[in-house]
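Data first, discussion second: the structure below is written as structure tokens.
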Amino acid sequence: MTERILEKEGVVVRHSLLERVEHWTVALSGLVLLLTGLFELPIARRYFITELPGFGWSGDYITSLKIHYAASTVFIAAGVFHLVYHGLLRHDGMMPRKGDIRASVEVIRSFFGKGEEPPFDKYLPEQRFAYAGMAFIVALLILSGLVKTWKNLFDPQLSPPLVMTATWVHNGAFILFILAFAAHLGALILKPNRPLVRSIFTGSVRLDYARKRHPLWVQRLETKRPEGTPGAKEQDGRVPENT
Amino acid sequence: MSESPKISRRGFLKMAGGAALAAGAGLPRIAEAGEPRGFATLIDISRCDGCPVCERPLCVSACRDLYLSRVPEPVRPIPKLFPRGKIEDWSDRKHVSDRLTPYNRIYVQKASVSENGETRELFIPRRCMHCDHPACATLCPFSANQKYGNGAVVIDPDLCFGGAKCRDLCPWAIPQRQSGIGIYLHILPTLAGNGVLFKCDLCYERITKNERPGCVDACPRDVMTFGSRQDIFSEAERRAAETGAFIYGKTENGGTSTLYLSPVPFDRLNESIQKGPGRPHLDPVKPRMAETETLGKALLLSPLAGAAAAWLGVAVTASGKDGKTGGD
């Protein structure tokens, strides 16, 4: 499914089914990883989590590790799929661009009533910035996790400095992952972003919303249309953005 | 004998082996990669008399001389653990030597076994087994506990938060906690951590200087033999074959660096010894880490699976219209 305007339905297709499956696979496995990662700390029994219905297993480190491994398998496969698939197809719409940091500051200020939002393409500048940040955190988690797993399975006597580095990179990235996850959810609470939420479930956003907030994106999509179709004429004279 | 902080050639080759996995070479069996190396100890309990004329067995005294003063004095009052309030304070019971404590990292168990109508007393020095695949070390969330190339499993007291995960994971519950000391006091003393865990470190500093562990040196009856893993295992097999003795520690928890040799079966010893906190059993032990092997191997192969699926996806997409799906 390609991104496109469905005039009759009054929506713009923003996420393909594949992209939504990728997102939810990473999100749900990431959530399981976050939880089982926490349960690898000695907290479940101390804080009575083991006494919550359905959480009796949380105090058993080996059970938590097995679930952590299973979720990691899904998470890593999905992450590598995302990287290779979209990399080979040169899908670079979410890659940060020059000026994204300054633009992100302006956009965030506008959320709090200071200044006006600039017209957006498909993605907001801070979305691209956040994407790169999350990708970096995930890369750290995956690489350090692979070293730790190799050590657990095959070589407990692996070089202690290497093990120590992998452990603390994993722990540090884990904290960053929790913060990034919270920021990601927090962004959805902001009113201007709420119309975007439906897309990650249904694949589309409202056309009137897209025209108002993402005019550069709509313009790009409309200029792809054959001449004379409704909506294309009014965009005449605009330069399409190449993404 | 000393530890190199750098990645050894062998370690590098193992990492290269990991890279070979990505090329589809397949995962090695645990027995083939990361074979246990370093030192081992043979404890022949037929030779131990428990040092009947001494205040304490000499191996215990030697260990205490080396390590008792290394435990810092805890802060007073020791912060109460939230929400359970439980702390473990041995600082006013440093003299205890009939079980494992933070101040007493080896002790001698006594067993009375009936044989041919006679009761025979046997004495068993107990301390950390220095397992080949120690879950206590591999799963320490801060890598405060690590397995070194010389075979020693060592807790770094400067990094330990005292959560006692290692004790929970140890089949013999060897590590012992002293609350009120350690790094947790400087972070969230009531909310996270609870002291430092202590256990035998195989006299790590001594063995890196080509010396034997203190307990081994102190024994006047040569109960303990310390040497290269290969030599110790051969010697244990030789003595067992010669005398019909039984071996404990060779397969327990997936293998350890401490082999016990007993003239009577270990299940009979186990029935006789006093067991409980700080007093480990002699049961057979299955390695729980082995339960995670299949899923762990799947994890290591998952990058390959993801990449293969992506290539397949690209091929399918390329055979379609334009391949553009938005790039999210």
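The values are calculated or read from the model by the stated rules, or taken from the named source; none is laboratory data. Computed from a predicted model, the values in this text were never measured in an experiment. Because the Cβ atoms are built from the backbone with ideal geometry, glycine has one as well, and the counts that use them run over all protein chains shown.
A compact table of results
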read-out: From B:87, B:78, residue being surrounded by fewer than 23 Cβ atoms within 10 Å (Cβ to Cβ), of a type in the set (Val, Ile, Thr) and within 14 Å of chain A (Cβ to nearest Cβ); value: B:87
read-out: Segments classed as helices (runs of 4 or more DSSP H), wholly inside the stretch B:223-328, with at least 2 members that are facing chain A (nearest Cβ under 9 Å) and more than 21 Å from residue B:134 (Cα to Cα); value: B:293-318
read-out: Among the residues listed as B:169, B:191, the single one being surrounded by fewer than 21 Cβ atoms within 10 Å (Cβ to Cβ) and more than 23 Å from residue B:233 (Cα to Cα); value: B:191
read-out: Pairs where the first residue, in the stretch B:29-42, is farther than 30 Å from residue B:59 by Cα and the second is assigned to a loop (DSSP other than H, G, I, E, B) and modelled with pLDDT under 75, C-beta under 6 Å, 6+ apart; value: none
read-out: Selection within the stretch B:68-82 - over 13 Å from residue B:195 (Cα atoms) and touching a Phe, Trp or Tyr at 6+ places or on another chain (Cβ under 7 Å); value: B:68
read-out: Residue within the stretch A:92-106 that is in a helix (DSSP H, G or I) and in contact with a Gly (Cβ under 9 Å, 6 or more places away or on another chain) present; value: yes
read-out: Pair list, Cβ < 6 Å and 6+ apart or interchain, from the stretch A:137-161 residues that are touching a residue at least 60 places away in the same chain (Cβ under 8 Å) and within 7 Å of another protein chain (Cβ to nearest Cβ) to residues that are of a type in the set (Gly, Ala, Ser) and crowded, with 19+ Cβ neighbours inside 10 Å; value: A:149/B:296
read-out: Qualifying residues in the stretch B:273-304 (those that are polar (S, T, N, Q) and surrounded by 18 or more Cβ atoms within 10 Å (Cβ to Cβ)) - the one farthest from the chain's Cα centre (by Cα); value: B:302
read-out: Residue in the stretch B:247-254 that is over 16 Å from the mean Cα position of the chain (by Cα) and in contact (Cβ under 8 Å) with a residue 60 or more places away in the chain present; value: no
read-out: Members of the stretch B:185-202 found to be assigned to a loop (DSSP other than H, G, I, E, B), modelled with pLDDT of 95 or more and aliphatic (A, V, I, L, M), listed by number; value: B:202
read-out: Condition met for residue B:84 (out of contact with any Cys (no Cβ under 9 Å at 6 or more places or on another chain), assigned to a helix (DSSP H, G or I) and free of Cβ contacts under 8 Å to residues at least 60 places away in the same chain); value: no
read-out: Selection from the stretch A:199-243 of residues that are at pLDDT 90 or above and small (Gly, Ala, Ser); value: A:199, A:203, A:204, A:210
read-out: Residues of the stretch A:162-182 that turn out to be among the aliphatic types (A, V, I, L, M) and more than 20 Å from residue A:32 (Cβ to Cβ), as a count; value: 5
read-out: The one condition in (1) in a strand (DSSP E or B); (2) under 13 Å from the mean Cα position of the chain (by Cα) that residue B:111 fails to fulfil; value: (2)
read-out: Unique match (being small (Gly, Ala, Ser) and crowded, with 22+ Cβ neighbours inside 10 Å) among A:144, A:72; value: A:72
read-out: Lone unmet requirement of (1) under 30 Å from residue B:210 (Cβ atoms); (2) part of a strand (DSSP E or B); (3) of a type outside the set (Ser, Thr, Tyr); (4) more than 14 Å from chain A (Cβ to nearest Cβ) for residue B:157; value: (2)
read-out: Count - residues of the stretch B:117-134 that are in a strand (DSSP E or B) and of a type outside the set (D, E, K, R); value: 6
read-out: Qualifying residue in the stretch A:45-63 (condition: under 20 Å from residue A:27 (Cα atoms) and within 12 Å of another protein chain (Cβ to nearest Cβ)); value: no
read-out: Some residue of the stretch A:115-130 being assigned to a helix (DSSP H, G or I) and loosely packed, with under 14 Cβ neighbours inside 10 Å; value: no
read-out: Condition broken by residue B:103, with the remaining ones in (1) surrounded by fewer than 19 Cβ atoms within 10 Å (Cβ to Cβ); (2) among the hydroxyl-bearing types (Ser, Thr, Tyr); (3) touching a residue at least 12 places away in the same chain (Cβ under 8 Å) satisfied; value: (1)
read-out: Single residue of A:56, A:87 found to be of a type in the set (Gly, Ala, Ser), within 27 Å of residue B:138 (Cβ to Cβ) and at pLDDT 90 or above; value: A:56
